[in-house]
Amino acid sequence: MSLVLSDVSLSRGGRFLLSGVNISLYPGELLIVLGPNGAGKSTLLKLFSGEMSPDKGFVLLDGIPLSEYDSEDLALRRSVLSQESEIHFPFIADEIVRMGRSCSKLRVPKPLEDQITEDAFHAVHLGERERFQTYNKLSGGEKQRTQMARVLVQDKEPTQRESYVLLDEPGASLDPNRIHSLLEKAKQLSKEGRGVLCILHDLNLALRYADRIAVLKEGKILADGVPENILDEDFVLEHFRLRTKKVPFPEGGHYLIPLGPAEQHTKKEPPYTLDAKGVKENVHR
Ligand SMILES: Nc1ncnc2c1ncn2[C@@H]1O[C@H](COP(=O)(O)OP(=O)(O)OP(=O)(O)O)[C@@H](O)[C@H]1O
């Protein structure tokens, strides 16, 4: 049982956005996807969710191509928090959250529906004021937590088989307290048996919460495995162009203190001069 991208490639405008990607998301794990801007992380998530289809390769849910599921069945199996969450109509936050249950197979009696909605607002620490506010009048962080509540209500189906939660930068507008709270929720969802994929930029949050990380660069999977084994000073310098200092975390593992962009530090005079013909002459001989 898993959600799988098998040898997937996707191009747009003659350019590969993803190339030869093999990656699986398993029930019970929190997989954090990292990578520089434009690496292909959102594209990867859109393939996992079925919003985009690969040009080559397969996206499989329990071994069956995602394209063979109808939208209602798919809604029972995976919920998605996208990067773009602008709404062009004056819905209130409560209505946005209930949209997570618009699939007819999720219909339950009204009192239960109300309880599920209330629990979801409670889980993301939004009160009555935000719940009954026009969505577009909420702050960026409140909107993001409303979207997370929508994901939570969609995932509440008693007879559900393994389900998957796909989160694209859910902490982009959140303060430090809220982002930890959200990742604790994501971790809890995984411990309850869901496969959770979360795109982040913060390497330390990945070190703190991920069961597994995947690092994407230029449309390819660069690394896939245990965070502590992958994210060290050299890897981060080479692939994120960031200087860091590794420090042990009291509860085990390590953190990386960011020191600054690589360019500022490593841009030295080259250890050679050019002779009249443009040939390198090593100055350190
Ligand atoms: N529909 C599209 N048509 C053409 N190019 C696209 C399309 N969607 C994405 N891209 C390009 O594909 C690349 C990967 O985009 P993607 O949004 O997946 O990156 P990302 O890793 O999520 O980036 P970020 O960290 O900045 O959010 C980018 O260069 C982007 O401009």
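The values are calculated or read from the model by the stated rules, or taken from the named source; none is laboratory data. Everything numeric here is computed off the predicted structure, so don't read it as measured data. Note that each Cβ is placed from the backbone with ideal geometry, even for glycine, and that neighbours are counted across all protein chains shown. These accessible areas exclude ligands, DNA and RNA; they are computed on the full protein's heavy atoms, side chains included. Shrake-Rupley method; radii C 1.70, N 1.55, O 1.52, S 1.80 Å.
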For region 11-54, enumerate the residues that are among the hydroxyl-bearing types (Ser, Thr, Tyr), within 12 Å of the ligand (Cβ to nearest atom) and in contact with a Lys or Arg (Cβ under 8 Å, 6 or more places away or on another chain).
-> SER19
Would you mention how many residues in region 232-245 are in contact with a helix residue (DSSP H, G or I) (Cβ under 8 Å, 6 or more places away or on another chain) and either over 20 Å from ARG212 (Cβ atoms) or in the same structural domain as LEU30 (by TED's automatic domain parsing) (or both)?
-> 6
Taking only region 117-131 into account, find how many residues are in a helix (DSSP H, G or I), open to solvent by 20 Å² or more (accessible area, probe 1.4 Å) and out of contact with any Ser or Thr (no Cβ under 9 Å at 6 or more places or on another chain).
-> 6
Six or more apart or on different chains, Cβ under 6 Å: which pairs go from a residue in region 13-25 that's open to solvent by less than 40 Å² (accessible area, probe 1.4 Å) to one that's polar (S, T, N, Q) and more than 15 Å from the ligand (Cβ to nearest atom)? Could you list them?
-> SER24/SER2
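Here's the yes/no breakdown for (1) touching a strand residue (DSSP E or B) at 6+ places or on another chain (Cβ under 9 Å); (2) of a type in the set (S, T, N, Q); (3) in contact (Cβ under 8 Å) with a residue 24 or more places away in the chain:
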| position | (1), (2), (3) |
| --- | --- |
| THR117 | no, yes, yes |
| ARG131 | yes, no, yes |
| THR134 | yes, yes, yes |
| LEU189 | yes, no, yes |
Sole exception among (1) in a loop (DSSP other than H, G, I, E, B); (2) open to solvent by 80 Å² or more (accessible area, probe 1.4 Å); (3) more than 26 Å from LEU182 (Cα to Cα) for VAL108, by number | (2)
Got a number for residues in region 23-47 being out of contact with any Gly (no Cβ under 6 Å at 6 or more places or on another chain) and either among the hydroxyl-bearing types (Ser, Thr, Tyr) or more than 21 Å from LEU231 (Cβ to Cβ) (or both)?
-> 5
Pick out the one residue from LEU60, LEU45 that is in contact (Cβ under 8 Å) with a residue 60 or more places away in the chain and either in the same structural domain as LEU203 (by TED's automatic domain parsing) or open to solvent by less than 40 Å² (accessible area, probe 1.4 Å) (or both).
-> LEU45
Report yes if GLU68 is among the charged types (D, E, K, R), more than 8 Å from the ligand (Cβ to nearest atom) and open to solvent by 70 Å² or more (accessible area, probe 1.4 Å), otherwise no.
-> yes
